[in-house]
Amino acid sequence: MSFDETDDFEPLVVLQLSPTTPAITKEWIIHRLTATQNEDEGAGLLARFERGTESRNSLIVIGATDHRLLVGAEELRIQKWDTTKGGLTDFLVADIEHFQNSENPGDILLKSEKQRIIFEEIQNLRPMKSEHVVPGVPTKSLSSEQDTIFTVLRDLNFIVNFFPLHDKEDIKLMEYDWFKSKTSIIKSQDIHKIRNYFGDNVAFYFAFLEFYTKALIPTSVLGILLSVLPFSDFTKYSFFCVFNVIWWTVFMERWKRLTNKLAYQWGTLDLQVFQRPRPPYYGDLQPSPITGRLEPLYPAWKRQVKKYLVSYPIVMGCLALALTLYFTYYKIQQRTNENFPLGNPSNPIETKVRRMLPSMVYSLSLIPVKLIYKNIATFLTDYENHRLQTAYENNLTSKLFIFFFVNSFVGLFYQAFFNVNYENVVQLLTTLVIINALILKFTEQVLPYIMKTVKKSQLDRSGSVDTKASEAIKQSKTLTPFEGTYGDYLTIFEQYGYIALFSAVFPWVAICGFINNVFELRADAFKYCYVYQRPFAQPASNIGSWHYAFDILSSIAIVTNTALIAMQPSVREYFSSYSTVEYILLFVAAEHILLAIKFAIDFAIPDVPHEVEIAQARSLYESSQALRRERRERKIDNGEKTVTKL
């Protein structure tokens with residue numbers, strides 16, 4: 001059933017097709033989306049072409065009836081508030097009267113949840129058994145068992161974009177307190193509103209960024225005090241090192257507690273969600289050991305072969321290129337320092353600028369290198385063919401972590417521990433922090449907003465857009481496609497590394513990070529609302545593998561901070577009575593003591609808050625009691641049936 005001539009549903013999702021898509025293929029897509037689930041093996045959604053000459057029949061807006069969305073919520077095991085139990089539980093259509101807002105079925109689900117349901121249905125929609133080729137493309141074969149329509153269209157380059165529509169009214173409800181008011185810069189975010197609109201994964205990013213920014217306050221204050229007060233170098237470095245170890249360990253443990261608290265409130269803590277295979281995942285069809293349904297299965301040994309013979313060698317090659325780039329910069333920096341010495345220069349300003357120039361060029365060159373590597377890492381992770389989205393994200397994060405760690409910190413490690421030149425460490429660190437902040441602000445926020453403004457003015461001048469039907473067209477033409485939170489996490493990861501690893505020799509980096517993040521938090525909020533297309537809401541119980549990446553940096557920070565103190569000439573002079581071996585053993589012992597302190601703090605601070613443990617235990621008890629009652633009632637019913645037969 002096609003909805004070309006009706007306008008009686010709310011568009012929630014937009015599917016943008018390439019102009020090269022044949023007209024008969026477009027009609028086939030509409031038919032498969034709107035065909036009934038049981039009889040015609042369709043998605044059972046509502047869909048039509050967007051009106052207006054600007055759309056050129058390439059935009060399909062998609063919605064769904066309330067009943068279809070509720071059925072989808074049950075299939076995805078979306079948790080909603082059960083008024084009889086007084087807590088979150090899997091939604092069931094048969095028990096709809098027990099759930100909040102049951103008197104108005106259209107209000108039971110959040111709009112972001114409705115969009116996620118449509119996303120899942122379209123991603124997993126398969127051809128009918130009688131369909132063997134794509135209409136309009138007879139050379140492209142179809143298999144109802146192995147292919148999904150979305151994957152086939154993507155392989156044909158027919159899909160340009162696929163995104164949920166922003167809701168202006170919902171944005172207005174949260175934007176003032178979030179980033180528009182004068183007091184928003186000092187107010188905490190309403191993370192629950194963010195979660196309701198963008199989903200768990202985006203909400204966890206903003207929660208982490210705010211939590212991390214607040215954690216920078218004590219570090220910044222301590223950095224200022226140690227910089228201005230007349231303490232000895234040994235006292236400064238030792239105190240700052242010990243503080244970093246304790247503070248960032250406490251920070252990670254407190255973040256775990258907040259993560260578990262939010263996950264419990266959002267119904268994702270310890271929730272065994274059935275994860276469908278990723279639509280791009282391919283393999284031979286075999287019965288699933290869990291559901292018994294036919295699912296593609298890709299041999300694990302083939303994936304391991306791809307990792308060890310393709311992915312890992314390419315990653316190692318990228319790391320070698322990153323090292324080559326750094327040492328090329330280092331040689332240029334050495335020649336520059338020799339040609340422009342600081343001792344009594346005729347033009348001190350010009351001398352300092354020339355000495356800073358190689359660092360600036362190196363910092364700028366890292367930006368395209370990081371972008372290229374990110375694309376390579378994404379390609380390799382796609383090539384490995386991971387079944388579940390969680391496995392895919394974990395493998396992609398690990399590749400990004402390895403490369404960005406080497407690319408961002410290799411120069412600082414070399415200057416600090418091999419060249420033992422702390423002046424160069426401070427110079428390179430300052431340049432990296434400032435250049436990264438400025439370039440990222442321009443490329444991620446300023447430039448996309450300028451482009452959006454230009455495109456919007458061009459669209460408005462065309463005068464061909466129907467006001468009622470223009471929202472999908474405007475968002476498809478003026479907003480930047482959302483590519484995930486990886487770039488945002490990588491930015492925090494780099495900054496956290498600079499602070500945790502090297503703030504002992506340059507305490508002001510924490511202050512720079514804090515000031516940057518105060519504005520970054522609101523700038524990102526604006527970017528997600530007005531620059532990016534709306535992301536599909538995805539369930540999450542934490543920040544994923546990024547938690548381990550930050551935790552690893554915290555452990556490495558113990559080694560680097562201890563080594564930085566030990567290699568200070570003034571500190572060595574302080575322990576001049578010790579032999580070289582004794583001196584090394586002293587700091588090795590100090591490092592082990594700090595590691596012990598870290599593990600002690602890890603053990604002392606429980607990951608799950610006490611109130612959440614109580615709530616979990618209560619939920620488990622109530623489930624056990626409900627199961628016992630159900631068994632008892634079943635036994636009584638069976639007994640009555642037996643008596644009746646007798």
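The values are calculated or read from the model by the stated rules, or taken from the named source; none is laboratory data. What you see is a predicted model, and the numbers here were worked out from it, not measured in a lab. Cβ sites come from the backbone with ideal geometry, for glycine too, and all protein chains shown count toward neighbours.
In table form, for the structure just shown:
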| quantity | calculated |
| --- | --- |
| Test: SER555 is out of contact with any Phe, Trp or Tyr (no Cβ under 8 Å at 6 or more places or on another chain), in a loop (DSSP other than H, G, I, E, B) and of a type in the set (Gly, Ala, Ser) | no |
| Only listed residue being without any contact (Cβ under 8 Å) to a residue 12 or more places away in the chain, assigned to a helix (DSSP H, G or I) and over 14 Å from the mean Cα position of the chain (by Cα), chosen from ILE511, ILE515 | ILE515 |
| Answer residue from segment 145-184, given it is at pLDDT below 90 and part of a loop (DSSP other than H, G, I, E, B) and is nearest to the chain's Cα centre (by Cα) among those | SER184 |
| Candidate set: segment 574-586, residues that are of a type in the set (A, V, I, L, M, F, W, C) and modelled with pLDDT of 85 or more; chosen: the one farthest from the chain's Cα centre (by Cα) | VAL581 |
| Candidate set from segment 373-395 (those that are at pLDDT 90 or above and of a type in the set (A, V, I, L, M)); member that is surrounded by the fewest Cβ atoms within 10 Å (Cβ to Cβ) | ILE376 |
| Unmet requirement for SER359, which otherwise passes all of (1) touching a residue at least 60 places away in the same chain (Cβ under 8 Å); (2) surrounded by fewer than 17 Cβ atoms within 10 Å (Cβ to Cβ) | (2) |
| Qualifying residues in segment 205-250 (those that are crowded, with 20+ Cβ neighbours inside 10 Å, among the aromatic types (Phe, Trp, Tyr) and modelled with pLDDT of 90 or more) - the one farthest from the chain's Cα centre (by Cα) | TYR212 |
| Unmet requirement for ASP167, which otherwise passes all of (1) of a type in the set (Asp, Glu); (2) crowded, with 18+ Cβ neighbours inside 10 Å; (3) under 30 Å from ILE194 (Cα atoms) | (2) |
| Strands (runs of 3 or more DSSP E) wholly inside segment 54-120 that include at least 1 residues being among the charged types (D, E, K, R) and at pLDDT below 95 | 79-82, 87-90 |
| Out of THR213, THR219, THR249, THR235, sole residue that is assigned to a helix (DSSP H, G or I), in contact with a Leu (Cβ under 7 Å, 6 or more places away or on another chain) and under 26 Å from PHE506 (Cα atoms) | THR213 |
| Qualifying residue in segment 137-149 (condition: farther than 21 Å from ALA537 by Cα, among the charged types (D, E, K, R) and without any contact (Cβ under 8 Å) to a residue 40 or more places away in the chain) | yes |
| Residue that is modelled with the highest pLDDT [pool: residues in segment 434-468 that are under 12 Å from TYR530 (Cα atoms) and of a type in the set (S, T, N, Q)] | THR453 |
| Matching residues in segment 85-134 - criterion: being of a type outside the set (A, V, I, L, M), crowded, with 17+ Cβ neighbours inside 10 Å and more than 27 Å from the chain's Cα centre (by Cα) | PHE99, ARG126, PRO127, GLU131 |
| Residues located in segment 37-53, provided they are modelled with pLDDT under 85 and surrounded by 22 or more Cβ atoms within 10 Å (Cβ to Cβ) | GLU50 |
| Residue ID - farthest from VAL134 (Cα to Cα), chosen from residues in segment 23-36 that are surrounded by 14 or more Cβ atoms within 10 Å (Cβ to Cβ) and of a type outside the set (A, V, I, L, M) | THR34 |
| Out of ALA589, ALA617, sole residue that is at pLDDT below 80, part of a helix (DSSP H, G or I) and hydrophobic (A, V, I, L, M, F, W, C) | ALA617 |
| Qualifying residues in segment 262-275 (those that are touching a helix residue (DSSP H, G or I) at 6+ places or on another chain (Cβ under 7 Å) and crowded, with 16+ Cβ neighbours inside 10 Å) - the one modelled with the lowest pLDDT | LEU269 |
| Any chance ILE185 is loosely packed, with under 14 Cβ neighbours inside 10 Å, among the β-branched types (Val, Ile, Thr) and within 20 Å of TYR205 (Cβ to Cβ) | yes |
| Looking only at segment 524-535, and only at residues there that are surrounded by 20 or more Cβ atoms within 10 Å (Cβ to Cβ) and hydrophobic (A, V, I, L, M, F, W, C), the one that is nearest to HIS192 (Cα to Cα) | ALA525 |
| Filter result (aliphatic (A, V, I, L, M) and without any contact (Cβ under 8 Å) to a residue 24 or more places away in the chain) within segment 372-431 | ILE372, ALA391 |
| Criterion violated by LYS140 - all others in (1) in a strand (DSSP E or B); (2) of a type in the set (D, E, K, R); (3) within 27 Å of the chain's Cα centre (by Cα) satisfied | (3) |
| Residue count for segment 360-415, restricted to those that are in contact with a Ser or Thr (Cβ under 9 Å, 6 or more places away or on another chain) and either among the basic types (Lys, Arg) or not in a helix (DSSP H, G or I) (or both) | 2 |
| Per-region count, segment 14-53, residues in contact with a strand residue (DSSP E or B) (Cβ under 6 Å, 6 or more places away or on another chain) and in a loop (DSSP other than H, G, I, E, B) | 3 |
| Condition check for ARG572: basic (Lys, Arg), in contact with a His (Cβ under 8 Å, 6 or more places away or on another chain) and either part of a helix (DSSP H, G or I) or surrounded by 17 or more Cβ atoms within 10 Å (Cβ to Cβ) (or both) | no |
